[in-house]
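Structure first, commentary second.
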Amino acid sequence: MFPYIVPTTITVEKETRDRLVAAKLEGGYPSLDALLRDLLVEYRRAQLRAASGLMRRKMKEKGLTLKDLIR
């Protein structure tokens with residue numbers, strides 16, 4: 001995905017590091033970078049699902065449908 005990786009250091013607790021390394025190994029990821037990129041994608045998807053759910057609830061409260069929004 002990226003043409004090169006710039007080495008960067010982040011500080012995390014040892015337990016967090018150990019859990020990340022375990023997830024990397026269990027998931028068959030070649031690096032922590034690859035694992036973290038996938039985790040960030042999943043995080044973004046979760047944000048979008050939450051926003052979508054909120055929008056659907058608000059539309060339902062107001063008695064609106066998707067057709068009402070695109071008119």
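Bear in mind that the values in this text are calculations on the coordinates, not laboratory data. Computed from a predicted structure; not experimentally measured. All Cβ positions, even for glycine, are placed from backbone atoms using ideal geometry, and neighbour counts span all protein chains on display.
Checking each residue in the stretch 6-31 for being part of a helix (DSSP H, G or I) and surrounded by fewer than 10 Cβ atoms within 10 Å (Cβ to Cβ) picks out 14, 15, 26.
How many of the residues making up the stretch 28-71 are among the acidic types (Asp, Glu) and within 30 Å of residue 5 (Cα to Cα)?
3
Taken over the stretch 1-59, the criterion of being under 30 Å from residue 69 (Cα atoms) and of a type in the set (Ser, Thr, Tyr) is satisfied by 43, 52.
When residues in the stretch 25-58 are screened for being over 16 Å from the mean Cα position of the chain (by Cα) and aromatic (Phe, Trp, Tyr), 1 of them pass.
For the stretch 45-71, filtering for residues that are exposed (fewer than 10 other Cβ atoms within 10 Å of the Cβ) and of a type in the set (D, E, K, R) leaves 4.
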